[in-house]
Amino acid sequence: MVDQKEYLTKERFEELSKELDQLKKVKRREVAESLEYAKSLGDLSENAEYHEARDMQAEIEDRIAKIENVLKSAEIVSDTHSDKVTVGSTVVLQRAGDKGEQTFTIVGSEEIDVSLGKVSIHSPLGDAIVGKKKGDTFSFSTPKGKVEYKITAIK
């Protein structure tokens with residue numbers, strides 16, 4: 001697997017760092033204590049507490065590995081005020097044939113929240129819009145077909 005840059009805001013980087021610290025210092029210890037208690041109950045082959053604790057341990061270790069990988073490949077971005085769309089840009093778009101406008105912020109994959117208008121740079125929209133300027137028209141394919149937008153503002 002090729003490591004690709006993970007674009008994060010400073011706030012998200014700090015959130016992930018705190019979560020990683022919590023997982024390593026607190027959650028690992030809690031799971032270890034649960035495993036010790038479960039072992040003390042006897043036969044491990046039919047010990048539900050033991051299997052549950054092992055599953056929890058695997059989940060925590062997976063999350064730790066994922067966060068460490070994200071932080072290792074992280075590039076911190078800030079709100080940009082450029083004339084071209086980049087990670088961190090907030091763009092106002094008008095879909096061809098519509099009068100209304102939509103606002104999106106281009107973010108890394110760890111910060112996606114479509115309900116807040118945060119779309120990934122790796123999404124079809126993000127991929128199509130990066131490098132464009134105010135007034136540019138662009139299109140990309142969606143499951144419902146090709147869509148065309150015009151950039152009305154870059155914030």
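Points to keep in mind about this one:
- Filter pass, residue 20 being hydrophobic (A, V, I, L, M, F, W, C), in contact (Cβ under 8 Å) with a residue 24 or more places away in the chain, out of contact with any Asp or Glu (no Cβ under 6 Å at 6 or more places or on another chain) and more than 26 Å from residue 133 (Cα to Cα): yes
- Taken together, 119, 91 contain a single residue that is free of Cβ contacts under 8 Å to residues at least 24 places away in the same chain, of a type in the set (Val, Ile, Thr) and touching a Phe, Trp or Tyr at 6+ places or on another chain (Cβ under 8 Å), which is 119.
- Identity of the residue in the range 122-155, out of contact with any strand residue (DSSP E or B) (no Cβ under 7 Å at 6 or more places or on another chain) and of a type in the set (Ser, Thr, Tyr), that ends up nearest to residue 91 (Cα to Cα): 123
- Of the numbered criteria (1) surrounded by 15 or more Cβ atoms within 10 Å (Cβ to Cβ); (2) part of a helix (DSSP H, G or I); (3) without any contact (Cβ under 8 Å) to a residue 40 or more places away in the chain, the one residue 104 fails is (2).
- Only residues that are more than 30 Å from residue 8 (Cα to Cα) and under 19 Å from the mean Cα position of the chain (by Cα) were counted in the range 52-71, giving 0.
- Counted residues, the range 1-51 - those being closer than 30 Å to residue 73 by Cβ and either within 24 Å of the chain's Cα centre (by Cα) or not in a helix (DSSP H, G or I) (or both): 28
- Here residue 97 fulfils each of the conditions (1) surrounded by fewer than 14 Cβ atoms within 10 Å (Cβ to Cβ); (2) small (Gly, Ala, Ser); (3) outside any loop (DSSP other than H, G, I, E, B) apart from (3).
- Some residue of the range 105-120 being more than 22 Å from residue 10 (Cα to Cα) and not assigned by TED's automatic domain parsing to the domain that holds residue 23: no
- The range 107-116, residues that are surrounded by 15 or more Cβ atoms within 10 Å (Cβ to Cβ) and without any contact (Cβ under 8 Å) to a residue 24 or more places away in the chain: 112
- Residue match in the range 68-82 (condition: assigned to a strand (DSSP E or B), among the charged types (D, E, K, R), out of contact with any Ser or Thr (no Cβ under 8 Å at 6 or more places or on another chain) and modelled with pLDDT under 90): yes
- Some residue of the range 27-44 being closer than 15 Å to residue 61 by Cα, of a type in the set (Lys, Arg) and either surrounded by 12 or more Cβ atoms within 10 Å (Cβ to Cβ) or touching a residue at least 40 places away in the same chain (Cβ under 8 Å) (or both): yes
The values are calculated or read from the model by the stated rules, or taken from the named source; none is laboratory data. Just so we're clear, the structure is a prediction, and the values are computed from it rather than from any experiment. Quick reminder, even Gly has a Cβ in these numbers, built from the backbone with ideal geometry, and neighbours come from all protein chains shown.
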